[in-house]
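All remarks here apply to the structure that follows.
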Amino acid sequence: MGGCRAVMAKLDYESMSDSLRSCYVYLNQTSRSFAAVIQALDGELRHAVCIFYLVLRALDTVEDDMTIPLEKKVPMLNNFHTYLYQEEWCFTESHEKDRQVLEDFPTISLEFRNLAQEYREVISDICHRMGVGMAEFLEKKVGSMKEWDQYCHYVAGLVGIGLSRLFSASQLEDPEVGRDTELANSMGLFLQKTNIIRDYLEDTKEGRTFWPREAWSQFASCLEDLAQPEKLESALSCLNLLVTDALRHVPDVIAYLSRLRNQSVFNFCAIPQVMAIATLSTCYNNPMVFQGVVKIRKGQAVTLMMEATNMRAVQTIIAQYSQEILKKVSLTDPSRDKTLHILALIQEKSTLPEPGLSSRSHHLSPMYLSAAMLLAALSWQYLSTTAAQAQGTRDMQ
């Protein structure tokens, strides 16, 4: 179990300050699936990523709160990064489920100011850029595919870029990881597009539109029409188009993960990505996207979390799910040629030998298997508990 602790570190809450301990409480209250993997990160990077997550969760809570008038919300989003240096700033008027991160923002901002300067600079910069981007899209819907990329960049790509810069600042990863913003952006876009595709029905019922007009207007006069039974063929064509667009980020995901050297960072990055491609495989050509909830099975999720601890295993998982999608590509699907092309490229990238962590055996060593099992158990236990508590409430991405 000593090796397990080297990957899945046990937090020493007793040695923490009251404010830092509170931050980890908020992390576990607001994060469904990232709480366990954040707490498994090595050294001081763990605290930096925890604070980064909470700052962006607070920013996201402002954006999501439909009770805040635009004339008040827009300046808050644009200026949110400045609140990090205002000791007493807080916001007590939110009605969102995660409002505690706004109400007790002084605790979070205090721990932000306690971080090393290289971490503070990254977090403040990403918070600023994300707030400006969120404000831009408050009053406009996603139109073109280019705007879809832009929106996903603001809300997720910047997270990938910020995390990569934190990894490099911690010296757990090479400077190249933080410098290559294109690959880091793709990591975020792949996750965000998967969530948007999966959550079609939930979002449209709540009046939120994240599917790009350029895509759905080819198949329906309004986005909501895709849920009508008589529109099923058109709906599936639109769905498959968007899944294909999301899949184009997978080669970048493989390239990014192949650069990572630290085991805790690799686990942190790889697990969400393999969950995403498994989700896309489930969504592809699936009428349930327009009729109910689409999700991967619990046992499937746990298996993925247990296995995704080295590059060769991740490549195998990606190849497996791309093959599953390939089997479902219809001869008459309008995006067929593009889908086949990107799947072929993914298969090629999934079979190439990769440096770094990929050199480990595909059969996991007892040390990493134990760590992965513990991580999987903690992640799923927390995910299940939170999902039960939040039933009927939208999981804001």
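The values are calculated or read from the model by the stated rules, or taken from the named source; none is laboratory data. Just so it is clear, the structure is predicted and the values come from calculations on it, not from any experiment. Neighbour counts are summed over all protein chains in view; Cβ atoms, including those assigned to glycine, are modelled from backbone coordinates with ideal geometry. Heavy atoms of the whole protein, side chains included, go into the accessibility calculation; ligands, DNA and RNA do not. Shrake-Rupley method; radii C 1.70, N 1.55, O 1.52, S 1.80 Å.
Inspect all residues belonging to the range 201-215 and state whether any of them is under 30 Å from LEU304 (Cα atoms) and touching a Leu at 6+ places or on another chain (Cβ under 7 Å). Among the residues of the range 201-215, at least one is under 30 Å from LEU304 (Cα atoms) and touching a Leu at 6+ places or on another chain (Cβ under 7 Å), which makes the answer yes. The set of residues in the range 284-334 that are of a type in the set (Ser, Thr, Tyr), surrounded by fewer than 21 Cβ atoms within 10 Å (Cβ to Cβ) and part of a loop (DSSP other than H, G, I, E, B) comprises SER330, THR332. If the condition is being open to solvent by 30 Å² or more (accessible area, probe 1.4 Å), not in a helix (DSSP H, G or I) and not β-branched (Val, Ile, Thr), then the range 30-68 contributes ARG32, SER33, ASP42, GLY43, GLU44, MET66.
Considering each residue of the range 205-224, count those that are open to solvent by 30 Å² or more (accessible area, probe 1.4 Å) and part of a helix (DSSP H, G or I), and give that number. Number of matching residues: 4.
Each residue in the range 331-348 was checked for being within 13 Å of ASP245 (Cα to Cα) and small (Gly, Ala, Ser), and 1 pass.
Taken together, GLU139, GLU147 contain a single residue that is more than 15 Å from ASP245 (Cα to Cα), acidic (Asp, Glu), surrounded by fewer than 23 Cβ atoms within 10 Å (Cβ to Cβ) and out of contact with any Cys (no Cβ under 9 Å at 6 or more places or on another chain), which is GLU139.
What's the number of the only condition in (1) outside any helix (DSSP H, G or I); (2) open to solvent by 10 Å² or more (accessible area, probe 1.4 Å) that GLU71 fails to meet? Exception for GLU71: condition (1). The set of residues in the range 97-121 being open to solvent by 30 Å² or more (accessible area, probe 1.4 Å), outside any helix (DSSP H, G or I) and not charged (D, E, K, R) consists of ASN114, ALA116.
The rows are residues; the columns are (1) among the charged types (D, E, K, R); (2) open to solvent by 10 Å² or more (accessible area, probe 1.4 Å); (3) under 24 Å from THR244 (Cβ atoms); (4) in contact (Cβ under 8 Å) with a residue 60 or more places away in the chain.
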{"residue": "GLY157", "(1), (2), (3), (4)": "no, no, yes, no"}
{"residue": "ARG165", "(1), (2), (3), (4)": "yes, yes, no, no"}
{"residue": "ASP174", "(1), (2), (3), (4)": "yes, yes, no, yes"}
{"residue": "LEU183", "(1), (2), (3), (4)": "no, yes, yes, yes"}
{"residue": "LEU189", "(1), (2), (3), (4)": "no, no, yes, yes"}
{"residue": "ASN195", "(1), (2), (3), (4)": "no, yes, yes, yes"}
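Every condition in (1) of a type outside the set (S, T, N, Q); (2) part of a helix (DSSP H, G or I); (3) within 21 Å of VAL74 (Cα to Cα); (4) touching a residue at least 40 places away in the same chain (Cβ under 8 Å) holds for GLY133 except the one numbered (4). Residues that are open to solvent by less than 50 Å² (accessible area, probe 1.4 Å), modelled with pLDDT of 95 or more and outside any helix (DSSP H, G or I) within the range 78-96 comprise TRP89, PHE91, listed in sequence order.
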